[in-house]
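The values are calculated or read from the model by the stated rules, or taken from the named source; none is laboratory data. Only a predicted model underlies this, so the values are computations on that prediction, with no experimental measurement involved. A quick note on method: Cβ atoms are made from the backbone with ideal geometry, for glycine too, and the neighbour counts reach across all protein chains shown.
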Amino acid sequence: MSALVANRPSSAPTPGTERKARRSAASRLVWLRRWVSPVLIVLAWQVLSSAGVIPEEKLASPTQIGTRAWELALDGTLGSATLTSVQRVLLGFVVGAVIGLVLAVIAGLSRIGEDAFDPPMQMLRTLPHFGLIPLFIVWMGIGEAPKIALIAMGVAFPLYLNTFAGIRSIDRKMTEAAVTMGLTRRQRLRHVVVPGALPQALVGLRQSLGIAWLSLIVAETVSADSGLGYMINHAREFLQTDVIVVGLAVYSMLGLATDALVRLIERKALAWRS
């Protein structure tokens with residue numbers, strides 16, 4: 001009888017299960033704590049607006065902003081402007097990312113490529129690319145081309161610098177070991193170069209996306225007839241601060257969403273790291 005009792009599986013939680021439960025509860029608590037200060041700021045903003053401390057003509061209250069956002073969403077203005085801005089960012093990001101990654105791989109894997117492409121990239125990255133807007137307009141007109149070029153230029157340099165640094169930081173011993181094991185150049189790229197450079201490249205990807213949205217804000221305030229920037233400029237002429245804040249809030253949420261997407265990709269792609 002005592003042997004049967006001893007062999008009966010225990011229903012008590014294991015130490016590993018308890019640790020996972022504690023970590024899960026702690027992560028939820030941290031997530032809630034991070035929302036405390038933003039909520040308090042919005043509440044204080046609403047109280048000050050209701051008390052007349054913050055004049056409505058200077059800055060609309062959160063309730064007014066929420067109401068106007070709902071109205072803009074219902075009549076399709078907000079959705080159309082957001083879609084236009086997202087399309088511009090995606091196109092500019094693709095162009096800039098292709099340029100940055102291709103040049104980084106060539107410069108990172110070849111001394112000749114480094115001598116050919118790294119010096120001009122290092123010189124061009126020091127230029128304030130927002131200051132190139134007048135030249136872009138002269139070269140490309142006032143259509144979509146200068147906006148896409150501005151976003152692409154902002155994207156290319158962080159991605160190039162981080163990817164190039166990631167490739168060059170790969171331990172030489174790993175490359176030598178791969179050669180000793182008889183791996184072909186393609187296999188070395190797949191099993192050594194890509195995993196070694198990926199963490200740094202993803203850092204560059206996050207930076208590039210942030211700069212892409214900043215570049216879009218500037219690009220859409222120059223000779224634009226659609227998009228969130230155009231909506232903000234139009235509202236500025238009529239002192240509609242609620243519309244301005246709605247546009248800025250959408251910019252912010254789009255930036256946070258893309259950053260969260262890259263962080264999710266990072267967790268999946270780098271699951272092999274401790």
Residue list for segment 229-239, filter: without any contact (Cβ under 8 Å) to a residue 60 or more places away in the chain and not in a helix (DSSP H, G or I): F238
Checking T67 against (1) among the polar types (S, T, N, Q); (2) farther than 30 Å from G166 by Cα; (3) out of contact with any Asp or Glu (no Cβ under 9 Å at 6 or more places or on another chain), which single condition isn't satisfied? (3)
Which one is farthest from G143 (Cα to Cα) among residues in segment 230-274 that are surrounded by 13 or more Cβ atoms within 10 Å (Cβ to Cβ) and among the acidic types (D, E)? E266
Whichever residue in segment 203-218 is under 21 Å from I142 (Cα atoms) and within 10 Å of the chain's Cα centre (by Cα) and, among such residues, is surrounded by the fewest Cβ atoms within 10 Å (Cβ to Cβ): W213
Quick check on F164: is it touching a Lys or Arg at 6+ places or on another chain (Cβ under 6 Å) and at pLDDT 90 or above? no
Here is a list of conditions, (1) out of contact with any helix residue (DSSP H, G or I) (no Cβ under 8 Å at 6 or more places or on another chain); (2) buried (at least 16 other Cβ atoms within 10 Å of the Cβ); (3) among the hydrophobic types (A, V, I, L, M, F, W, C), and I167 meets all of them except one; can you say which number that is? (1)
Exactly one of R34, R88 is under 23 Å from the mean Cα position of the chain (by Cα), at pLDDT below 85, assigned to a helix (DSSP H, G or I) and within 30 Å of Q200 (Cα to Cα), and that one is R34
Need pairs with beta-carbon distance below 7 Å; first residue touching a residue at least 60 places away in the same chain (Cβ under 8 Å) and within segment 210-223, second surrounded by fewer than 17 Cβ atoms within 10 Å (Cβ to Cβ) and not in a loop (DSSP other than H, G, I, E, B); sequence gap 6+ or separate chains. V218/F130; S223/I137
Boolean, S226 is touching a His at 6+ places or on another chain (Cβ under 8 Å) and either in contact (Cβ under 8 Å) with a residue 40 or more places away in the chain or within 30 Å of T82 (Cα to Cα) (or both): no
List pairs: first residue in segment 81-106 and in contact (Cβ under 8 Å) with a residue 24 or more places away in the chain and within 30 Å of V243 (Cα to Cα), second residue aromatic (F, W, Y) and buried (at least 17 other Cβ atoms within 10 Å of the Cβ) anywhere in the structure, Cβ distance under 9 angstrom, at least six positions apart or on different chains. A81/Y230; T84/Y230; S85/W213; S85/Y251; V89/W213
Cβ-Cβ under 8 Å pairs, at least 6 apart or on other chains, segment 116-133 side assigned to a helix (DSSP H, G or I), far side surrounded by 14 or more Cβ atoms within 10 Å (Cβ to Cβ) and not hydrophobic (A, V, I, L, M, F, W, C): M121/Y160; H129/G154; H129/S215; F130/S215; I133/P146
For R172, all conditions in the list (1) surrounded by 16 or more Cβ atoms within 10 Å (Cβ to Cβ); (2) at pLDDT below 80; (3) basic (K, R) hold save one; what is the number of the exception? (1)
Can we say F157 is in contact with a Lys or Arg (Cβ under 7 Å, 6 or more places away or on another chain), in a helix (DSSP H, G or I) and at pLDDT 85 or above? yes
Members of segment 125-138 found to be closer than 25 Å to V102 by Cα and surrounded by fewer than 13 Cβ atoms within 10 Å (Cβ to Cβ), listed by number: T126, L127, P128
Within segment 137-154, the residues that are closer than 21 Å to L228 by Cα, assigned to a helix (DSSP H, G or I) and over 19 Å from the mean Cα position of the chain (by Cα) are I137, A145, P146
